[in-house]
1. Using a 10 Å cut-off around each Cβ, can you sort Trp119, Trp280, Trp31 from fewest to most neighbouring Cβ atoms?
2. How do 402-411, 452-461 rank on mean C-beta neighbours within 10 Å, highest first?
3. Taking the Cβ of each residue in Lys396, Lys181, Lys491 as the centre, tally the other Cβ atoms inside 10 Å and list the residues starting with the fewest.
4. 5 Å is the cut-off here: which amide hydrogens, built 1.01 Å from N in the peptide plane, fall below it relative to Gly240, excluding neighbours closer than 5 in sequence?
5. Sum up the charges of everything whose Cβ sits under 11 Å from the Cβ of Gly344, counting Lys and Arg as +1 and Asp and Glu as -1, but leave Gly344 out.
6. Treating only the Cβ atoms of Lys and Arg (+1) and Asp and Glu (-1) as charged, compute the dipole magnitude of region 348-500 about its Cα centre; round to the nearest 20 debye.
7. If R0 is 30 Å, what FRET efficiency do you get for Asn409 and Ala28 from their C-beta distance, rounded to 0.05?
8. Hey, can you grab everything whose amide H is under 5 Å from the amide H of Ile260? Only 5+ residues off in sequence or another chain; H modelled, so Pro and N-termini drop out.
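Nothing in this text is a laboratory measurement; each read-out follows from the coordinates by a stated rule. These numbers were taken from a predicted model, which means no experiment stands behind them. When we count neighbours, we look across all protein chains shown, and the Cβ atoms used for this are built from the backbone with ideal geometry, even at glycine.
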Amino acid sequence: MPLMTVNRSARTVAWLLGLLACGLFAGALYWGAMTAHAAELQEAQAAVQNMANALARQTNSSLRVAHALLNDISAVARNNAHHIGSLDLAAQLQGQTALFEEIDTMALFDERGMLVGSWPMRRVRSRNASGEAFFRHARQGGRVPAIGAPIRSPVTGEMIIPVFRSCVIDGHLGVAMVGLKVTYFSALFDSFDIRDQGALVLATTEGVMLLRRPYDARFLGKSMQDIPIYRDYAAHARSGEATLVSAQDGVERIHYFQRIADYPLFVVAALARDEVLTDWQHNLALLMSIALSAALTIGLLVARLQGMLIYREKAEQEIDAANRALAQSNEKLARQALLDGMTGIANRRALDTDTRHAIQSASRSSSSLALIMFDVDHFKHFNDLYGHIQGDACLKEIAGVLQQMQKRNGDLAARYGGEEFAILLPHADIHGARQVAEDALAAVRTLRIAHQANACGFVTLSAGVAAIVPTASTGIEALYCLADAGLYLAKHGGRDRVRDAQIAHRPHTPSCTEAQPN
């Protein structure tokens with residue numbers, strides 16, 4: 001077949017493969033973009049649900065406090081009926097309200113709606129509440145706590161959400177009221193991240209808005225009867241979600257509403273759909289740029305078919321170089337991941353890994369495996385006396401000494417954690433391990449690192465030794481626990497000594513006092 005025909009066929013095949021590659025790439029990008037789009041919306045739905053649930057729990061908790069205080073106020077009114085004019089609610093209830101920052105006002109009204117007792121004791125103005133909704137509620141004989149639209153407190157003058165119930169004062173019907181701070185709930189709303197166009201609402205199940213974020217006094221007490229989230233959803237169910245376009249500002253929001261468990265209220269949390277998808281839109285633009293760049297690249301590659309082999313060879317060489325560099329980087333990172341960042345010796349992760357491998361190897365060969373646990377004596381006092389910088393320097397010197405104890409292939413000195421170190425000794429029995437431990441303690445003594453809180457005046461170590469012939473089912477915890485038990489005996493036997501858990505009493509080990517120079 002002529003070379004021209006071969007080249008023409010190769011170009012045709014290359015164009016077809018290029019178009020197929022572009023199609024597959026575009027399809028993959030589209031699938032990824034749609035998956036990310038769904039994930040962003042799902043995350044937003046979870047966020048508004050979590051916000052609504054959190055607000056409902058906190059509001060329910062505050063209302064329980066108000067409910068309990070209402071019961072206390074009613075009891076105070078009933079027990080002091082003959083002295084109602086001098087009723088001192090502050091003296092009897094201040095201790096309880098001090099714990100609840102949401103409480104602004106506690107008040108008691110007589111049958112005429114006159115304010116006869118309050119906390120705080122000061123008053124902004126004389127108040128007759130006979131025309132208020134909560135007083136009319138009491139006249140109707142309601143004893144279950146009810147919640148009214150926000151009003152200005154007759155005691156402090158601050159905006160409050162009134163929680164009230166009827167009570168008996170000297171044989172007549174009165175009203176006990178606890179006012180919850182609007183500012184408290186406003187601050188609670190502000191603690192949630194709803195971005196710039198989100199919204200939070202607290203309302204009664206009858207559709208009266210108690211509070212909204214963004215805050216606007218015009219919304220306090222506003223009816224929600226014609227708002228879709230209430231009319232079509234919250235009025236008929238305890239909880240649920242909906243995506244709706246606001247009739248006020250035209251913003252499409254993802255809503256979640258949740259009834260409050262014990263009281264006739266519900267909360268709504270909403271996030272603007274466009275804000276939720278902002279990051280996704282930026283990523284989509286980036287993906288479109290990548291797709292366009294890929295298409296152009298494929299077109300150029302196909303147009304330069306004659307140089308494809310050269311380019312491919314060069315690309316393969318670059319890929320090989322990149323793979324080698326990546327492998328070297330990964331190997332370097334793997335080594336660094338097994339080193340203690342401060343002392344430079346193996347870390348706990350490396351110790352655990354090597355110990356598992358050593359147990360498996362020793363179990364197959366039925367050989368002994370030893371572990372030494374070290375602890376710096378009175379190291380907390382060392383840090384208190386000399387500071388943490390000197391403490392770190394001390395640990396580095398000790399780590400260097402222990403690293404020198406690695407005499408054979410497989411030996412591993414590691415930092416166990418804090419001021420604790422360990423040396424793993426494969427194919428070593430208890431006697432060999434004790435000798436290594438004794439050498440390590442002696443080497444640390446020769447450093448003569450000053451330590452005024454230690455009996456001998458310089459830094460020493462305590463060591464616990466363990467040796468086992470493991471089986472296939474032996475875990476690393478068994479060896480660690482055994483060595484730690486020996487360390488416990490060493491520390492409680494006077495420190496600066498070596499002990500093992502198998503035999504608690506051993507020949508005398510030189511103490512740090514004996515190691516002092518003449």
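1. Ranked by crowding around the Cβ, least crowded first: Trp31, Trp280, Trp119.
2. Values: 402-411: 14.7, 452-461: 18.9.
Order by mean packing, descending: 452-461, 402-411.
3. Listed from fewest to most nearby Cβ atoms, that is Lys396, Lys491, Lys181.
4. Counting only residues 5 or more places away or on other chains, the set is Phe257.
5. Working: positive: Lys396, Arg415; negative: Asp340.
Around Gly344, the surrounding residues sum to +1.
6. On the way: 16 positive and 17 negative charges, 36 e Å.
The dipole magnitude comes to about 180 debye.
7. Values: r = 49 Å, r/R0 = 1.63.
The computed FRET efficiency comes out at 0.05.
8. Result for Ile260 returns Leu265, Phe266, Val267.
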